[in-house]
Structures are given as C-alpha cells and as structure tokens.
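The values are calculated or read from the model by the stated rules, or taken from the named source; none is laboratory data. None of the values given here were measured: they were computed from a predicted structure. Methodologically, a virtual Cβ is constructed for each residue, glycine included, from the backbone with ideal geometry; neighbour enumeration extends over all protein chains shown. Side chains included, ligands, DNA and RNA excluded: accessible areas come from the protein's heavy atoms. Shrake-Rupley method; radii C 1.70, N 1.55, O 1.52, S 1.80 Å.
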Amino acid sequence: NKQLCFVDIASGQVSTFSTLKIQQTGDLWNASVSPDEKYVTLASAYANDANLYIYDGTQLGQIPLDPESTQEGIKVQTIQYPDVVSWSPNMKKPKIGFDAYNEVDVGTTGKVGYWGIYEIDFTAGKVYNLIASQPTNVSIGNISYSNTNPDLVAFNYIDATGKYDIYVGNFDSGQLKALTIPTYKSSTGAFIVDAERPTFSPDDAKLCFSSPALKALLFYDAATSVLSAATYQQPLYNPRWFIQ
C-alpha cells in the first residue's frame with residue numbers, strides 16, 4: 001500500500017506509520033533504516049521526484065539530489081527519481097548510497113535514459129556519482145553497503161541484453177570485481193540471468209540475492225566463489241540480510 005510499516009519479529013505483528021506521507025497517503029517507495037536506528041531514508045513513489053526523504057520519527061526532511069559533476073561546484077540535474085537506498089555502516093561519517101533513473105538530452109530530438117549509482121556524504125554536504133558512467137544501454141543499481149566496511153558495496157550491473165550480474169566495489173583499494181553470475185548454471189541447467197538485489201551477510205563473508213525466475217535465494221561465498229541456493233514455491237524479491 002506504499003506506506004512505511006514495521007514488523008515485530010517475535011510476534012509477527014505489523015504496524016503502519018499511517019500519517020507519514022510525501023504529498024498524500026500511499027506515496028512512499030523504498031526505505032532504509034540507519035545503523036543507529038534513529039533515521040529512515042525514503043524514496044517517494046513519484047516518477048518526477050528528484051529527492052530523498054529522511055524521517056526521524058517526528059519530522060520528515062527533504063534531500064535534493066543534485067550531484068556534482070567532474071568539475072567541482074558544477075551540479076548535474078539529470079536525476080529523475082531515486083529507487084533503492086542503503087546506509088553506510090559508519091555513522092561517525094554518515095553516508096547514503098542510492099540508485100536513480102537519469103535522463104540526458106540528446107541533441108534537440110530526444111532523451112537517453114539510464115540508471116546510475118550515487119552517494120550522499122553528509123559530512124561534506126554533497127552528492128557524488130559513485131560509479132563512473134557506463135556504456136550505452138548498460139545500467140547499474142540496487143546498491144547495498146557491507147555491514148562492516150563503509151568502503152565496500154555490492155550492486156547490480158544490467159547489460160544491454162537485460163542480464164543481471166553483481167559487482168563488488170572496494171573504494172579503499174580501488175578494486176571493482178564482477179562475480180560473473182550469468183556464467184553459473186542452476187541445478188536444472190539454466191543459466192542465472194536475473195541475480196537481483198545483493199545483500200551482505202552480517203560478517204560480509206557471503207552475499208545473498210534473489211532469482212525470481214528460479215524461485216530461489218542464491219548465496220555467494222566470497223572466499224570460495226561457490227554459489228548455493230535455497231528454492232521456494234513462489235518467486236522471492238528484494239532480500240535483506242540482518243542479524244537477530
């Protein structure tokens with residue numbers, strides 16, 4: 001119903017922040033809770049809203065998404081709307097990663113659309129392009145920070161044919177690694193082409209992601225590069241690994 005809800009894991013009871021809204025009830029999209037549990041960052045359900053919103057339980061604030069270009073002080077206004085949001089684990093230097101749909105004017109006849117990944121650095125008070133521009137018809141998104149290292153992220157890379165791979169980026173070492181998930185086969189012999197929404201295990205030793213086509217959650221072991229799966233009766237989407 002596009003409202004912010006929460007669940008009590010022990011009882012299974014679900015409650016709703018019924019009065020929380022951007023403009024009207026039912027216009028919220030993705031949510032991400034800060035590591036200190038004091039804030040929730042929200043994307044709205046509007047396709048022309050180039051803002052993120054931050055909620056402290058009482059007030060709702062707005063964060064304009066106008067990243068700086070490669071020229072310091074020059075801002076880019078290509079973002080149409082954000083989607084997936086993730087908090088850095090280090091609240092001493094709070095940062096938010098997010099993906100966003102962009103459109104760029106091409107001459108006088110049309111626009112080119114693509115997905116990109118950005119970071120809000122609250123200490124610097126700026127929005128940055130986190131990953132460099134990609135080739136035409138390639139998009140990146142569904143960013144997720146690690147649970148222990150603020151310089152480690154995972155995200156989806158969607159090629160021109162629509163295949164989903166997962167990349168892991170370490171900004172401290174400058175390394176960017178493709179897990180080449182579309183080269184793996186499932187137990188039925190089908191290639192895995194929809195590895196969506198990576199999420200780190202609490203110790204960052206594994207990544208979990210979903211394959212709706214296989215009705216499975218997939219688990220990638222970082223040390224061995226071994227892929228395992230848990231299958232279900234229905235497709236699963238948007239996993240989030242947490243510890244209780």
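Some observations on this one:
- Taking only Cα atoms of segment 107-150, radius of gyration then Dmax in Å: 14.0, 47
- If you wrap segment 178-244 in the convex hull of its Cα atoms and look at it from every side, the mean projected area works out to 4.7 nm².
- Ligands, DNA and RNA are left out, and with a 1.4 angstrom probe the accessible area of the chain is 56 Å² per residue.
- Residue among VAL138, PHE171, PRO202 farthest towards the positive dipole end of the chain, charges placed on Cβ: PRO202
- FRET efficiency for THR16 and MET91, using Cβ-Cβ distance with R0 set to 25 Å, rounded to 0.05: 0.40
- Dipole size of segment 33-102 about its Cα centre, with +1 on Lys/Arg Cβ and -1 on Asp/Glu Cβ: approximately 180 debye, rounded to the nearest 20.
- Reach of LYS206 by Cα under 13 Å, taken over aspartates and glutamates that are not fewer than 8 positions away in the same chain: ASP221
- Computed from backbone phi with θ = phi - 60° and the Karplus coefficients 6.51, -1.76 and 1.60, the 3J(HN,Hα) list for segment 88-101 is 5, x, 9, 7, 6, 10, x, 9, 10, x, 8, 9, 8, 8 Hz; x is used for glycine and proline.
- Segment 80-137 versus segment 9-26: alpha-carbon centroid distance in Å: 27 Å
- For LEU130, nonlocal amide neighbours, meaning residues 5 or more places apart or on other chains whose placed amide H falls under 5 Å from its own, are ILE117, TYR118, GLU119.
- For segment 83-191, trypsin sites (Lys or Arg not before Pro) meeting the loop criterion (DSSP other than H, G, I, E, B) and having at most 15 other Cβ atoms within 10 Å: LYS92, LYS163.
- All-pairs Cα distance distribution in segment 71-148, expressed in whole percent, bin size 5 Å: 3, 14, 22, 24, 17, 11, 5, 2, 1, 0
- Listed by chain and number, the lysines whose C-alpha is less than 27 Å from the C-alpha of LYS126, apart from same-chain residues fewer than 8 away, are LYS21, LYS38, LYS75, LYS92, LYS93, LYS95, LYS111, LYS177.
- Computed accessible area, THR25, all protein chains, 1.4 angstrom probe, square angstrom: 80 Å²
- Its residues counted as N, segment 144-225 yields a C-alpha radius of gyration over 2.2 N^0.38 Å of 1.07.
- Atom-type composition of the exposed protein surface of the chain places 49 percent of the accessible area on carbon and sulfur (1.4 angstrom probe).
- For segment 14-90, alpha-carbon Rg relative to the globular expectation (2.2 N^0.38 Å, N residues): 1.20
- Debye-formula intensities of segment 4-155, expressed as log10 I(q)/I(0) at q = 0.18 Å⁻¹, are -1.14 (one equal scatterer per alpha-carbon, no solvent).
- Summing Lys and Arg as +1 and Asp and Glu as -1 over all other residues whose Cβ lies under 15 Å from the Cβ of THR183 gives a net charge of 0.
- For the chain, the Cβ-based charge dipole about the Cα centre amounts to some 380 debye (Lys, Arg positive; Asp, Glu negative; other atoms uncharged).
- Positive minus negative residues near GLY116 (Lys, Arg vs Asp, Glu; Cβ under 12 Å): -4
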